[in-house]
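Before we start, here is the structure in question, set down as structure tokens.
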Amino acid sequence: MKFHKIASVAFLGMLLLAPVHAVGGQEKPAPEKKADDLLDLPPLPADKTIRQSARIGGQVVSYDATVGTVPVRDEKGRVIADVTYTAYTVPGGDPRRPVTFAFNGGPGASSVYLNMGAIGPRHVQFGAQGDAPSDAPIATDNANSWLDFTDLVFIDPVGTGFSRSRLDADKTKAAFYANDPDIKYLSKVVYDWLVKAGRLRSPKYLVGESYGGYRVPRIAFELRSQIGVGINGIVMVSPYLDPASDDDATALSPLPWMIELPSMAAANLERKGQLTPQTMAEIEGYTRGEFAADLLKGRADQEATARIVARVTALTGLDPALVQRMGGRIDTATFLREVHRADSTIGSVYDSNVTAFDPFPWSSRQQSNDPILDALIAPTTSAMVDFVTREVGWKTDARYNALSYAVNRAWDRGRPRDTPVSDLRKAIANDPRMGVMIAHGWDDLSCPFFASRMIVAQMPAFGQIERVKMAVYPGGHMFYSRPDSGAAFKRDARALFHLN
């Protein structure tokens, strides 16, 4: 999951006062800890495994569910963080059975969304119209789980799930809350788990959602080039691949308007019951061609502006007067606020057809949290904590962070770069056996599918027509929450695994 700038809420800060001590009638600050001291934290529980079973793909699959930790060490060998994971493995010891490592995004999201929403053996409903924070957090068997063809390891980066840093805030940010350090320590966590579990001989896959889609191409390249572990395949789910493509630092690029328009059009077609790949192909062609050309002509060409306004009005279903005022350049925040204005609801950036009542419908700006984020945090957090502590028996008093706004605020994003795309190119150029799949939902405005479409179109063929396969399904950012889309996603992913 990627935190979107219009989906986050403001949190009130707290002023932390250092304890003081009276000395000679004067107050004196308490002595500071040495900068190289590690935080004194109670130990997390030892790894624990239980045997479970679930009906997946029409058959009962028995598996071991393990909750455990992998230590992160600095160059001196000191443990500076504890990374928790949840692993589902089918017993038997077959070295040919694949193992897949899963990462969500944010930054600041735990892996619970891919785990209990998409590919894990148990499922909690979220991400669809009608879901509510008070929904019972009861997990059921997931027919669309991938466990019938690969073992699964869900990794929670530092600051998410139960994973934690043992450093102070400033050192934690430098060591873990930035793009490049994130890749290096998570790659080492993957390697350490493989050694710990004796799985270095297994076929290895990575799957990442949203900012996790930014992570996994880079982790694959880091594992191969720096650690010595080859990756057989990568699956990117609603990936945030190129931060530079939607950066608004320049007013010259038409890309931000181009990237988002097809997803707005898809949502409008879905509401009318007219969404098909054929209709979307026509819209993509218009976006690449006439729309881009007319955008570059600018307001001086009144005929071009008139064409844009007329076509964008028809594609989005927005009020013609609004589209006229905006010159056909509709930003995501305006679209989500206005497309459902008539019924006083507001759409989600993760799927604009999932709505909630707008608590401040007369305000000039959105003052509520995102409808999907509001509905999913409570049931997913409760379901995951219940699984870990009650079912598995991994007892801890620590807080579980399904979504950490603190991590997201602290994250050092650096300068927008296309590093994941560059690393993906280098990874697959030198490994003709590596399979790559990019999956999106039509309605997603957080990580629009059209950005990936254009990125893939600019990549070399690498000796094959479709070296990087792309699939788009009905739904939004969490398209897998729709059973039909989840089933189609599983079918396409299984085909990727069978390439090796």
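Would you confirm, using the coordinates I've provided, whether residue 473 is touching a strand residue (DSSP E or B) at 6+ places or on another chain (Cβ under 7 Å), open to solvent by less than 20 Å² (accessible area, probe 1.4 Å) and among the hydroxyl-bearing types (Ser, Thr, Tyr)?
yes
Would you be able to say whether some residue in the range 182-190 is free of Cβ contacts under 8 Å to residues at least 40 places away in the same chain and under 18 Å from the mean Cα position of the chain (by Cα)?
yes
Please determine whether any residue of the range 150-167 is more than 22 Å from residue 66 (Cβ to Cβ), in contact with a strand residue (DSSP E or B) (Cβ under 8 Å, 6 or more places away or on another chain) and outside any loop (DSSP other than H, G, I, E, B).
Scanning the range 150-167 turns up at least one residue that is more than 22 Å from residue 66 (Cβ to Cβ), in contact with a strand residue (DSSP E or B) (Cβ under 8 Å, 6 or more places away or on another chain) and outside any loop (DSSP other than H, G, I, E, B).
May I ask you to verify whether residue 118 is of a type in the set (Gly, Ala, Ser) and at pLDDT 95 or above?
no
Something else about it: Can you find, within the range 207-235, the residue that is farthest from the chain's Cα centre (by Cα) among those that are outside any helix (DSSP H, G or I) and more than 13 Å from residue 105 (Cβ to Cβ)?
Within the range 207-235, the match that is farthest from the chain's Cα centre (by Cα) is 228.
Okay, next question. Could you check the range 1-76 for strands (runs of 3 or more DSSP E) lying wholly inside it with 3 or more residues that are at pLDDT below 85 and over 29 Å from the mean Cα position of the chain (by Cα)?
20-23, 26-29
Only one of these is touching a residue at least 12 places away in the same chain (Cβ under 8 Å), open to solvent by less than 30 Å² (accessible area, probe 1.4 Å) and more than 30 Å from residue 114 (Cβ to Cβ): 292, 266, 304. Name it.
292
How many residues, within the range 191-202, are part of a helix (DSSP H, G or I) and either surrounded by fewer than 20 Cβ atoms within 10 Å (Cβ to Cβ) or under 18 Å from the mean Cα position of the chain (by Cα) (or both)?
First, the residues of the range 191-202 that are part of a helix (DSSP H, G or I): 191-197.
Restricting the remaining residues to those that are either surrounded by fewer than 20 Cβ atoms within 10 Å (Cβ to Cβ) or under 18 Å from the mean Cα position of the chain (by Cα) (or both) gives 191-193, 195-197.
Qualifying residue count for the region: 6.
For the range 239-246, indicate whether the set of residues that are modelled with pLDDT of 95 or more and in contact with an Asp or Glu (Cβ under 8 Å, 6 or more places away or on another chain) is non-empty.
No, because not a single residue in the range 239-246 is modelled with pLDDT of 95 or more and in contact with an Asp or Glu (Cβ under 8 Å, 6 or more places away or on another chain).
Now, a different point. Keeping to the range 464-499, report how many residues are in a helix (DSSP H, G or I), within 26 Å of residue 445 (Cβ to Cβ) and touching a Ser or Thr at 6+ places or on another chain (Cβ under 7 Å).
Total satisfying the criteria: 1.
Here's another thing I want to ask about it. Considering only residues that are in a helix (DSSP H, G or I) and without any contact (Cβ under 8 Å) to a residue 24 or more places away in the chain, look in the range 330-340 and name the one that is most open to solvent (accessible area, probe 1.4 Å).
Restricting to residues being in a helix (DSSP H, G or I) and without any contact (Cβ under 8 Å) to a residue 24 or more places away in the chain, the top hit is 338.
Looking only at residues in the range 307-322 that are closer than 21 Å to residue 253 by Cβ and of a type in the set (A, V, I, L, M, F, W, C), which one is surrounded by the fewest Cβ atoms within 10 Å (Cβ to Cβ)?
309
Does residue 426 count as closer than 20 Å to residue 44 by Cβ and surrounded by fewer than 20 Cβ atoms within 10 Å (Cβ to Cβ)?
Considered against the rule, which asks whether it is closer than 20 Å to residue 44 by Cβ and surrounded by fewer than 20 Cβ atoms within 10 Å (Cβ to Cβ), residue 426 comes out as no.
From the list 422, 446, 363, exactly one residue is free of Cβ contacts under 8 Å to residues at least 24 places away in the same chain, among the small types (Gly, Ala, Ser) and under 20 Å from residue 212 (Cα atoms). Which is it? Talk me through it step by step, then tell me what you get.
On the way: 446 fails: free of Cβ contacts under 8 Å to residues at least 24 places away in the same chain; 363 fails: under 20 Å from residue 212 (Cα atoms).
None of the other options fit; the residue is 422.
To keep it simple, each residue is scored yes or no on (1) in contact with a helix residue (DSSP H, G or I) (Cβ under 7 Å, 6 or more places away or on another chain); (2) part of a helix (DSSP H, G or I).
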{"site": "309", "(1), (2)": "yes, yes"}
{"site": "322", "(1), (2)": "yes, yes"}
{"site": "328", "(1), (2)": "yes, no"}
{"site": "356", "(1), (2)": "yes, no"}
{"site": "362", "(1), (2)": "no, no"}
{"site": "368", "(1), (2)": "no, no"}
{"site": "373", "(1), (2)": "no, yes"}
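Given (1) within 29 Å of residue 67 (Cβ to Cβ); (2) under 20 Å from the mean Cα position of the chain (by Cα), where does residue 393 come up short, assuming only one miss?
The one condition residue 393 does not meet is (2).
The values are calculated or read from the model by the stated rules, or taken from the named source; none is laboratory data. Computed from a prediction, not measured in an experiment: that's the story for all the values here. Cβ: placed from backbone, ideal geometry, glycine included. Neighbour counts: every protein chain shown. For accessibility, only protein heavy atoms count, side chains too; no ligands or nucleic acids. Shrake-Rupley method; radii C 1.70, N 1.55, O 1.52, S 1.80 Å.
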